[in-house]
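The values are calculated or read from the model by the stated rules, or taken from the named source; none is laboratory data. Worth saying up front: this structure is predicted, and the values here are computed from it rather than measured. So basically every Cβ, Gly included, is an ideal-geometry build from the backbone, and we count neighbours across all protein chains shown. Protein only, heavy atoms only, side chains kept; ligands, DNA and RNA dropped before computing areas. Shrake-Rupley method; radii C 1.70, N 1.55, O 1.52, S 1.80 Å.
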Amino acid sequence: ITEVLQNAVEEKGLFYAVDPASKGTCTIGGNLAENSGGPRAVKYGVTKDWVLNLQVVLADGQVIETGANTLKNSTGYNLTALMVGSEGTLGVITRATLKLLPLPKFSALMFVPFRNVSDACRTVSEIFLSGETPSALEFMESDAMVMTQEFTGNKEIRLDPDDEAYLLIEVDGANEEEIMPQCERILSVLELQSAGEVLFAQSSDEKDKLWFLRRRVGEAVKASSVYKEEDTVVPRARLPQLMSAVKSLGDEYGFRSICYGHAGDGNLHINILRDDLSEEMWAEVLPVAIRKLFTEVVALGGTLS
């Protein structure tokens with residue numbers, strides 16, 4: 001299990017950077033097969049960026065090593081990158097040599113409300129244009145947060161019913177003195193983008209409560225209704241257009257959606273809820289709307305993630 005590895009290396013002062021939202025249940029093998037990402041992908045990349053070498057059993061039973069256990073390896077084809085994300089279609093991965101970093105010892109977390117979804121989406125690219133690179137930058141529309149609080153019973157974080165969306169912004173580093181200046185620079189961007197009052201979490205307990213809610217959004221959606229989840233990614237600057245397209249299609253086709261995701265790398269999870277839609281709407285009409293959504297994603301320079 002991914003979190004087991006993270007905890008084991010952390011005890012040695014080391015850091016495995018890949019951090020799927022499902023880290024408590026997903027496995028390293030599954031992460032390799034799917035090239036998993038997660039909240040920290042915005043700064044640290046996805047699974048493929050943290051693999052040095054794989055042992056793979058091919059369809060004919062031959063066992064190969066895809067690379068070398070060295071940081072530089074420019075000999076031959078990059079079979080490691082080919083195998084990661086291949087979903088078992090090219091071979092079965094039986095061993096992996098992963099890269100680790102020194103553990104970032106300090107971090108801070110900001111929970112930022114917005115009255116307008118478009119402002120929240122636009123702020124994502126503005127933070128990066130300012131020269132800052134958070135270790136995580138998550139987007140949740142307000143319905144996602146409300147649903148998760150109801151599902152978990154954890155309502156310690158006060159939500160204003162007038163807010164439409166939230167950003168969860170984390171910064172990390174090896175030195176404590178570098179954390180606050182980075183937060184202050186991000187706060188100056190937030191002020192220019194019509195953000196509301198920022199909840200600033202520095203203690204482990206405060207940070208854990210916020211991350212707990214973010215990581216349970218998927219479960220909360222699953223528990224509320226039969227649903228279809230579409231996973232999309234667009235260039236960060238196009239997030240406002242993507243959100244607008246999702247809601248416009250919802251109005252046109254009569255469905256409700258809950259959106260959240262790893263906004264720092266342009267990834268948006270779009271959960272379409274069954275609610276009381278008829279079987280005809282769900283089985284025949286909704287696929288037409290989803291096809292229009294995918295067409296819009298591609299037109300925005302994105303892809304299906």
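Taking the convex hull of the alpha carbon atoms in region 2-102, what volume per residue do you get, in Å³?
Taking the convex hull of the Cα positions in region 2-102, it is 102 Å³ per residue.
With charges only on Cβ, +1 for K and R and -1 for D and E, what is the dipole size of region 106-222 about its Cα centre, in debye, rounded to 20?
I would put it at about 360 debye.
Carbon and sulfur: what percent of region 106-222's accessible surface (1.4 Å probe)?
Carbon and sulfur atoms account for 46 percent of the accessible area of region 106-222.
Mean-square fluctuation check for the chain, GNM, Cα pairs under 10 Å: which of Gly67, Gly76, Gly13 is largest?
Highest fluctuation of the listed residues: Gly76.
Over all directions, average the projected area of the Cα convex hull of region 101-170 and note it in nm².
Across all orientations, region 101-170 yields a mean hull projection of 6.0 nm².
Work out how much length Lys99 to Thr133 would gain on full extension: take 0.36 nm times their residue separation and subtract the Cα-Cα distance, in nm to one decimal.
10.2 nm
Are there trypsin sites (Lys or Arg not before Pro) in region 1-63 that DSSP puts in a loop and that have at most 12 other Cβ atoms within 10 Å, and which ones?
Loop-located and lightly packed - Lys12.
Starting from the Cα of Ser194, step 7 Å along the direction of its Cβ; do the same at Val146; then give the gap between the two resulting points in nm.
With each label placed 7 Å out from Cα toward Cβ, I get 2.0 nm.
Using Cα-Cα distances under 8 Å and only pairs 6 or more residues apart, what relative contact order does the chain have, in percent?
Relative CO of the chain lands at 18 percent.
Relative contact order of region 1-151: what whole-number percent is it, with Cα pairs under 8 angstrom and at least 6 residues apart?
Computed value for region 1-151: 25 percent relative contact order.
Residue separation times 0.36 nm, minus the C-alpha to C-alpha distance between Asp231 and Leu90: what's the value?
48.4 nm
Could you sort out which of Lys48/Lys222; Lys209/Lys247; Lys23/Lys48 sit more than 18 Å apart by Cα distance in this structure?
Going by Cα-Cα distance, Lys48/Lys222; Lys209/Lys247 fall outside the 18 Å limit.
For region 181-305, what is the relative contact order in percent, using Cα pairs closer than 8 Å and at least 6 residues apart in sequence?
Computed value for region 181-305: 29 percent relative contact order.
Specify which residue in the list Ile186, Val226, Ser305 is farthest towards the positive end of the charge dipole of the chain, using unit charges on the beta carbon of Lys, Arg (+1) and Asp, Glu (-1), about the Cα centre.
About the Cα centre, the residue reaching furthest to the positive side is Ser305.
Would you mind working out the magnitude of the charge dipole of region 19-79 relative to its Cα centre, with +1 at each Lys and Arg C-beta and -1 at each Asp and Glu C-beta, to the nearest 20 Debye?
Charge dipole of region 19-79: 280 debye, to the nearest 20.
Under 18 Å from a point 7 Å along the Cα-to-Cβ line of Ala8: which residues of region 88-110 have their amide N that close?
93-103
Which value, in Å³ per residue, describes the convex hull spanned by the Cα atoms of region 225-300?
Roughly 72 Å³ of hull volume per residue.
I need two numbers for region 211-253: Rg to one decimal and Dmax as a whole number, Cα atoms only, in Å.
In Å, with Rg to one decimal and Dmax whole: 12.9, 34.
Taking only protein heavy atoms and a 1.4 Å probe, what accessible area per residue, in Å², does region 2-102 have with all protein chains in place?
With the other protein chains kept in place, region 2-102 gives 54 Å² per residue.
Within region 32-66, whose backbone N sits under 18 Å from a point 7 Å along Cα→Cβ of Leu82?
Answer for region 32-66: 33-35, 48-49, 51-66.
Let me check I have the definition right: for the chain, take the eigenvalues of the Cα gyration tensor, multiply each by 5, take square roots. What are those semi-axes in whole Å, largest first?
Semi-axes from the Cα gyration tensor: 32, 27, 18 Å.
If ligands, DNA and RNA are left out, what is the accessible area of Cys259 with a 1.4 Å probe, given in Å² to the nearest 10?
Near enough 0 Å² of accessible area.
Give, rounded to the nearest 20 debye, the magnitude of the charge dipole that the chain has about its Cα centre when Lys and Arg contribute +1 at Cβ and Asp and Glu contribute -1 at Cβ.
840
How much length would be gained if the chain were fully extended between Ala174 and Asn69, taking 0.36 nm per residue of separation minus their Cα-Cα distance, in nm to one decimal?
Contour length minus Cα-Cα distance gives 35.2 nm.
Reported to two decimal places, what Rg/Rh ratio describes region 172-257 when computed on Cα atoms with Rh from the Kirkwood expression?
Ratio of gyration radius to Kirkwood radius for region 172-257: 1.05.
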